[in-house]
Amino acid sequence: MIDIYDNTDIDGEETGDEETGQLYEHFSFTADPGMSPVRVDKFMREKLPHSSRNRIQKAADSGFVHVNGKPVKSNCKVRPGDIVTLMLDRPRHDSTIEPEDISLNIAYEDSELMVINKPAGLVVHPGAGNFHGTLVNAVAWHLKDLDSYDPNDPEVGLVHRIDKDTSGLLVVAKTPQAKTSLGAQFFNKTTHRSYNALVWGNLTEDSGRIEGNIARDPKDRLRMTVFSPDSGIGKEAVTHWRVIERLGYVTLVECVLETGRTHQIRAHMKHIGHPLFGDERYGGCEVLRGNRSTTYKAFIQNCFKLCPRQALHARTLGFIHPQTGQQMDFTSELADDMAALISKWRDYMTGLANADTIA
């Protein structure tokens, strides 16, 4: 099964068939009949959003970008009806999902679905650089004796995803009927999902609503950024938050998703000036609040080591059971590393309060 978004490496750094010079087709696109002429690097950039224009230009310079069967440079104009292909010197990676014996923390399971409590660090689905060792491979192993479950059938399996370094709950459909029902609930926003996040700073209000379209950051394709709702850029996204506990320079908040966009909570919290603690991609791995003393900096570094990821946990998940019609609600305890991080901040604040009392 070919996924156009698998972020195939097109830098040409690996040379699988140097001796034969054979090229293998990875992607092929036909230009629309009414399209205006456009540079091939821009054309492919729109078709392969996970690849940068610079990488596409490198591929063209290496002879890997073809128009109508012939290699072209990146400034070649693509015209209506042209066939544009990406040809690389190695076969496309086989994305067939194979069962792998990886332990799962299953919160609930019946004939229709599974609710899994995912640990931080486990990739949910095979993709660029992570073709094995994912949660999907683990589910395939767990259900390998169930003849009706094919991990390569898109009509079953994951209904939604959470990031690699986010811990917590997600649901897997074991039947096509379950996936259709659950997918409709997510699409119609009738599911309930809440997350716990430790964010930098002391929020001025006790609760709030963040609304802002989310799209890929043009300066960093691995990061999402927020645009105005009336910008016409990206997809609508709404996050509701409320303060659970104030811990001086950081705050523990609950986030409830009204929509489910890639990196939604991470991008939205950064947008309002409160990045998730430890979130390297969104600037949360720096000392953003507090004093600049050596002791405090050492404390923060110890916190980063204690929980070496974004402090985000998918705590609750609620939906209607696709077969029984019963409301199903699940809650998971914070992952150990995040719980230890919060405890460390509590101890730190208690120490500051005691020092002020003594002084």
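Details
- The set of residues from the range 300-312 being open to solvent by less than 20 Å² (accessible area, probe 1.4 Å) and either among the charged types (D, E, K, R) or touching a helix residue (DSSP H, G or I) at 6+ places or on another chain (Cβ under 9 Å) (or both) comprises C303, C307, R309, Q310, A311, L312.
- Checking L146 against (1) open to solvent by 30 Å² or more (accessible area, probe 1.4 Å); (2) within 17 Å of N105 (Cβ to Cβ); (3) of a type in the set (A, V, I, L, M), the condition it does not meet: (2)
- Selected residue (criterion: farthest from I300 (Cα to Cα)) from residues of the range 186-205 that are under 21 Å from the mean Cα position of the chain (by Cα) and among the hydrophobic types (A, V, I, L, M, F, W, C): F187
- Check on N117, polar (S, T, N, Q), farther than 24 Å from F319 by Cα and either at pLDDT 95 or above or not in a loop (DSSP other than H, G, I, E, B) (or both): no
- Within the range 127-218, strands (runs of 3 or more DSSP E) holding 2 or more residues that are closer than 22 Å to S332 by Cβ and among the hydrophobic types (A, V, I, L, M, F, W, C): 167-173, 192-200
Every residue, every condition in (1) open to solvent by 40 Å² or more (accessible area, probe 1.4 Å); (2) within 22 Å of N117 (Cβ to Cβ); (3) in contact (Cβ under 8 Å) with a residue 24 or more places away in the chain; (4) polar (S, T, N, Q), yes or no:
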position	(1), (2), (3), (4)
S293	yes, no, no, yes
A298	yes, no, no, no
A314	no, yes, yes, no
L317	no, yes, yes, no
H321	no, yes, yes, no
Q326	yes, yes, no, yes
F330	no, yes, yes, no
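- Filtered residues of the range 169-211 (kept if crowded, with 22+ Cβ neighbours inside 10 Å, under 20 Å from H274 (Cβ atoms) and small (G, A, S)): A197
- Residue in the range 269-281 that is part of a strand (DSSP E or B) and either open to solvent by less than 50 Å² (accessible area, probe 1.4 Å) or not polar (S, T, N, Q) (or both) present: yes
- Residue count for the range 213-242, restricted to those that are out of contact with any strand residue (DSSP E or B) (no Cβ under 7 Å at 6 or more places or on another chain) and surrounded by 14 or more Cβ atoms within 10 Å (Cβ to Cβ): 1
- Some residue of the range 38-58 being farther than 24 Å from R216 by Cα, in contact with a strand residue (DSSP E or B) (Cβ under 7 Å, 6 or more places away or on another chain) and in a loop (DSSP other than H, G, I, E, B): no
The values are calculated or read from the model by the stated rules, or taken from the named source; none is laboratory data. Bear in mind that the values here come from a model prediction, so they are computed numbers and not experimental data. FYI the Cβ positions are ideal-geometry reconstructions off the backbone, even for glycines, and counts take in every protein chain you see. For the accessible areas, the whole protein counts, side chains as well, though only heavy atoms, and no ligand, DNA or RNA atoms are used. Shrake-Rupley method; radii C 1.70, N 1.55, O 1.52, S 1.80 Å.
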